[in-house]
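Colleague: The structure's right below; bear with me while I get my questions together.
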Amino acid sequence: MPIAERLSTDAYADHVNPHWVKLLGLLEMNVSYERCVGTELFTADGRRILDFLSGYCVHNTGHNHPAIVAALKDELDKSGPVMLQSNVPELAGELAERLVKLAGGGLSKVFFASSGSEGVETAIKFARAYTGRVGLLSCDRAFHGLSCGALSLMNGDYWRKGFGPLLPETATVPFGDLASLEQELATQRYAAFFIEPIQGEGGIRVPPAGYLKGAQDLCRRYGSLLVADEVQTAMFRTGPFLASHHFGITPDMVVLAKALSGGLVPVSAVLMSDAIHGSVFSSFKRSIVHASTFSENTLSMRAGLATLDVLEGEKLGERATQQGMELQQRLDDVLAGYEMVKAVRGKGLLLGIEFTAPQSIMLRAPFEAFAKIHPAMFGQILVMNLFRDGGILTQICGNDFMVLKAAPPLITTSSQITEFVSAVRNVVELAHHPGAFWSQALGMARRAISS
Ligand SMILES: Cc1ncc(COP(=O)(O)O)c(C=O)c1O
């Protein structure tokens, strides 16, 4: 077929990922976006969608923030040394200085990389080098990334199957359970315990009071490093700069990524102490023993600095706290009494609405039938409805399909929160009656089977 006659998504389907195109089609979410500004996404067919997913916590500063875009344009206009790899990239020093100051807790050095997974890989290597131990401990339902090392820290079969053998001497413990953690750490096999202070893909799970502090004490007692994976939770997403700050812990390493560069340039950063850093970079001969081509590139560093300016200048942490409380309260209010709504939880603007299987007979039958087709079916119908009828973009959690995310950019306004809450209430109301919601599920199941 001549190129001009092909659909704009055909080349992607032919050469990148046909199944993704099919899935988006099934969910009626395969639309073309023309402009993304702040919390709003404008489609080629004239719709306006509110983003309550933020690219999985990438867009804390909103889409295409003008100050970050201007900083990047300015950097490009300079024709400076973007990836020379033979100089001292001064902006990396500036960004590192600001990050460790915001993080506090004795973190003083930074290794920059390009993705969350690469940050986690870095933390694995540094933890092993520092402790001389091999083992790596993490939590049930964690999400740490899909490169082989990061994947070794995740226990979901869906993600792991077919990619083994992964790293040896890894184990997971239930999130929030100090006794199981102590049992493992006491073996003194583990270089590090990796944890998301609030689990993102695991279902926006907030740990029980005292758990993270207890985990830190146990790590120190048994000689394992505490690594906070704050890829989703940092950059003021939950209110403070790090979610760790809610819980009074001072991790030995912190992994940042996603929102660090305003959603415009890939970047990640691993914050650590001098001592941990020195265990890898122990002499000038070893000054490049851990490195990465795109690490410290000028565009990422400049975007990172501009992003911090926006986050601090617009007080987006305080805003996340206030708007998060408003969003949580209003969701609690409108969803009270619906039998399938179990809880609204989270911190700041990282919230999740947890659903549960219905008890009433008229809803139980269709719910169970669709759960048998695919456990994510119920959640995906919610997502599809919200998108199509409510003009809301969000998703369910990757490791808990019964939790719907509410994580807009931190600049979200009260009227956008009103729109979201009303759209969620409408779809929840629909799901509590036999009829339209469940027949849509049937339609989707049929389309899935025939495609
Ligand atoms: C908590 C957490 N850690 C690590 C990662 C991996 O990041 P990336 O996709 O940038 O490799 C993710 C990705 O969603 C994440 O949510």
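Colleague: What translational diffusion coefficient, in µm²/s and rounded to a whole number, does the Stokes-Einstein relation yield for segment 273-351 at 25 °C and a viscosity of 0.890 mPa s, taking the hydrodynamic radius as the Kirkwood radius over Cα pairs? Mind showing how you got there, number by number?
Modeller: Values: Rh = 17.0 Å.
This corresponds to a translational diffusion coefficient of 145 µm²/s.
Colleague: Could you order the peptides 376-385, 116-125, 231-240, 310-319 from most to least packed, using the average number of other C-beta atoms within 10 Å per residue?
Modeller: Numbers: 376-385: 21.2, 116-125: 25.3, 231-240: 27.9, 310-319: 18.0.
Packing order, densest peptide first, comes out as 231-240, 116-125, 376-385, 310-319.
Colleague: Where both residues lie in segment 194-341, what percent of DSSP beta bridges are antiparallel, nearest 5? Working shown, then result.
Modeller: Working: 5 of 10 bridges.
Looking only at bridges with both residues in segment 194-341, the antiparallel portion is about 50 percent.
Colleague: I would also like to ask the following. Can you give the local net charge around Val231? Use residues other than it whose beta-carbon is closer than 14 angstrom to its beta-carbon, Lys and Arg +1, Asp and Glu -1.
Modeller: On the way: positive: Arg237, Lys258; negative: Glu118, Glu121, Glu196, Glu201, Asp229, Glu230.
Overall, the nearby charge balance is -4.
Colleague: Next up: Might you tell me the accessible area per residue for segment 1-79, computed with a 1.4 Å probe and given in Å²? Show your work: numbers first, answer last.
Modeller: Numbers: 4670 Å² over 79 residues.
Per-residue value: 59 Å².
Colleague: From the helices alone, meaning DSSP H stretches of at least four residues, give me the mean residue ellipticity at 222 nm for the chain, per-run term -39500 (n - 2.57), in deg cm²/dmol to the nearest 500.
Modeller: -13000 deg cm²/dmol
Colleague: Going by average Cβ density within 10 Å per residue, which order do the peptides 212-223, 183-194 take, highest to lowest?
Modeller: Details: 212-223: 17.8, 183-194: 19.7.
Taking the mean over residues of other Cβ atoms within 10 Å, the ranking is 183-194, 212-223.
Colleague: Restricting to bridges with both residues inside the chain, how much of the DSSP beta-bridge set is antiparallel, in percent to the nearest 5?
Modeller: Numbers: 30 of 46 bridges.
If we restrict to bridges inside the chain, about 65 percent are antiparallel.
Colleague: Leaving out ligands, DNA and RNA, and with a 1.4 Å probe, what % of the accessible surface on segment 66-313 is carbon or sulfur? Mind showing how you got there, number by number?
Modeller: Working: 5580 of 10020 Å².
So the carbon and sulfur contribution to the accessible surface is 56 percent.
Colleague: Right, next: Taking the highest mean first, how do the peptides 397-408, 259-270 order by number of other beta carbon atoms within 10 angstrom per residue?
Modeller: Ranking, from highest mean packing down: 259-270, 397-408.
The values are calculated or read from the model by the stated rules, or taken from the named source; none is laboratory data. Because the structure is predicted, anything quoted here is derived from the model rather than measured. A quick note on method: Cβ atoms are made from the backbone with ideal geometry, for glycine too, and the neighbour counts reach across all protein chains shown. Just the protein is used for accessible areas: all its heavy atoms, side chains included, with ligands, DNA and RNA removed. Shrake-Rupley method; radii C 1.70, N 1.55, O 1.52, S 1.80 Å.
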